[in-house]
Amino acid sequence: MSRDPGRRRWLLLAACAHVLFLLPPLRTRVFAVSVVLEDAEDKTEVPVLQKSEKRGTVSKRNKELKEIIFVIQSQSNSFHSKRAEDLKRDILKQAADLGKELPPVLLIHLMDRREGAWTVLPLMKDFSVAYGRNSSWIFFCEEDTRIQVVKLLEILRRFDASKEWFLGKALYDEESTIIHHYAFAENPRVFKFPDFAAGWALSIPLVNKLATKLKSEPLKSDFTIDLKHEIALYIWQKGDGPHLTPVPEFCTDDLNSDKVDQCATTFSNFLPLCGEPVKKEDVFVAVKTCRKFHGDRIPVVKQTWEREAALIEYYSDYRDISIPTVDLGVPNTERGHCGKTFAILERFLNHSSPRTPWLVIVDDDTLISIFRLRKLLSCYDPSEPVFLGERYGYGLGTGGYSYITGGGGMVFSRTAVQKLLASKCRCYSMDAPDDMVLGMCFSGLGIPITHSPLFHQARPMDYPKDYLAHQIPVSFHKHWNIDPVKVYFTWLAPNSEEALDGKEVEFKREDL
């Protein structure tokens, strides 16, 4: 998707023109004080800031623990919120078993009702107000991060909390990449950014500094594409702020790893499975294509993942019986495919079996594992309005919206499609960017998108190796400068344990 300034202005004007309908009513902002109240509502005892204590009544370690604010990057979808609640209970249980006063443990989807709370930086002012005087650290983690609280205390004790610290497991780009706007092109390895899965920490002095900066310099970035990289860039402040300090004990190793005893954090690096995978017949796959790509992109789909799909149709601007394609009567457009995507949604709702609960829309150059997607979908309730994929953001610093980026694949529950089409929200032009319009529509309907890092808008080589090492990916996107068939069999085809029709994988990841 192009990010040129002219297109940005065009998108912003279009969004503003529809803001009265599309965006939800203004709500009173929920500040960090309300965060503590919301935690109290879920009936977990999370202490508010202590304004006074009798000296000598609390051990040093107890004091250190209550001065750590744990923030779980949670989501409101029922599957994800439960996982986050489980992690919260585990942290509090560890604290209780140690005989310590319970530290604040916050769920980010409850902390602020604004659309962009997941981008973290807008919350710095609230963190500073609530915890800027009585705390030492804010520790962020994902719902699948596992924390050894005692070990974490030992690690943080090594750093002077009165100074500005940005701690985490360091990632870096092997080569400059489009998802990071080709930053540090001369030597991308010099810039480090945190792997959220391992957890990352900010000292309170740094939080206070960021809060002060945000008051005078509001966030201006149009797009949020890779949050971990963008947060590191903002903290770095063109060299005037702290670099990420690597912490070896912040790990993404599995609990069964030999290194686990040295780790303060670990990560459950598996593909979620919450029962039997959904049936093949429960997933309808729609492939967006056009006549000029019939000859080169569609054969790749047929050589790779088409066999995994029981229900699949190819939607084009030309009827080709050899594929076969369905001509939706929507001309191909160069800039965006909103008209085509909404036609696909209408067709799914009105012409597929009403018993088919899931729709997946992919580009003709998307490489996807339907086999793994069926496992992943076992964790989601199709009676909920689910809109799943890789999350991006647009204009979140100024009241924008989140959206699922189309290249990695967009997954809809039938319920979500029904609610969308029952509304009056439609394309403002046939060539509008479909993924962004869908984001605006769902935002206006009050339906949150659901993020999964297993979907990828770019190619495997566009991501740090250490980041992909703890993933079982569901999709990648783009064919340029790669062998897409090899990429599929290396990264996405069922492995020997997942063997499809008895056929084992022939490539290894190291080959790429």
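The values are calculated or read from the model by the stated rules, or taken from the named source; none is laboratory data. Predicted, not measured: the structure shown is a model, and the values here were computed from it. Backbone-built Cβ (ideal geometry, glycine too); neighbour counts: all protein chains shown. Accessible surface areas use protein heavy atoms only, side chains included; no ligands, DNA or RNA. Shrake-Rupley method; radii C 1.70, N 1.55, O 1.52, S 1.80 Å.
From most to least packed by mean Cβ count within 10 Å, the peptides 179-189, 433-443 give 433-443, 179-189. Here is the size of region 100-147 from its Cα atoms: Rg then Dmax, 11.7, 35 Å. Across all C-alpha atoms in region 317-396, the radius of gyration and Dmax reach 15.0, 44 Å. Both radii are taken from the alpha-carbon atoms of region 214-356; with Rh as the Kirkwood radius, Rg/Rh is 1.14.
The calculated P(r) of region 430-483, using every Cα pair and 10 Å bins from 0, goes 19, 36, 32, 13, 0 in percent. Each DSSP beta bridge with both residues in region 61-267 is either parallel or antiparallel, and the antiparallel ones are about 50%. Scalar couplings 3J(HN,Hα) for region 486-491, obtained by applying the Karplus form with A = 6.51, B = -1.76, C = 1.60 to θ = phi - 60°, are 5, 4, 4, 6, 7, 10 Hz; x denotes Gly and Pro.
Computed over region 103-210, the quotient of the alpha carbon radius of gyration and 2.2 N^0.38 Å is 1.18. Take the cross-link list 259/478; 82/151; 215/238; 88/125; 163/220; 66/220 and give me the ones stretching past 29 Å between alpha-carbons. Distance filter (> 29 Å) returns 259/478; 66/220. Which of 401, 470, 353 sits closest to the plus end of the dipole of region 336-485, meaning its Cα is farthest towards the positive end, when Lys and Arg get +1 and Asp and Glu get -1 on the C-beta? Ranked along the dipole, the leading option is 353. Of all lysines in the structure, those lying under 21 Å Cα to Cα from residue 280, and not within fewer than 8 positions of it along the same chain, are 288, 302, 375, 503. Of the peptides 208-221, 454-467, 191-204, the ranking by mean beta-carbon count within 10 Å, highest at the top, reads 191-204, 454-467, 208-221. A Stokes-Einstein calculation at 37 °C with viscosity 0.692 mPa s, built on the Kirkwood radius of region 280-492 over Cα pairs, returns a diffusion coefficient of 189 µm²/s. Across 71, 150, the residue with the most accessible area heads the list, and the full order at a 1.4 Å probe is 150, 71. Nearest 5 is fine: what % of DSSP beta bridges in region 280-492 come out antiparallel, could you say? So the antiparallel bridges amount to about 45 percent of the total.
Placing a pseudo-label 7 Å from each Cα along the Cα-to-Cβ vector at residue 185 and residue 482 gives an inter-label distance of 2.2 nm. For region 61-267, the solvent-accessible area works out to 41 Å² per residue, with a probe of 1.4 Å and every protein chain left in place.
When Rg and the Kirkwood Rh are both derived from Cα coordinates, the Rg/Rh ratio for region 383-464 amounts to 0.98.
Would you calculate the separation in nanometres between label points at residue 162 and residue 221, each defined as 7 Å from the Cα along the Cα-to-beta-carbon direction? According to this spin-label approximation, the distance is 3.3 nm. When the inverse distances between all different Cα atoms of region 61-267 are averaged and flipped, the Kirkwood radius reads 17.6 angstrom.
Within region 267-308, which residues have the backbone N less than 15 Å from the label spot 7 Å out from residue 355 along Cα→beta-carbon, could you tell me? Once the point is set 7 Å along Cα→Cβ of residue 355, 279-284 turn out to lie under 15 Å by backbone N, inside region 267-308.
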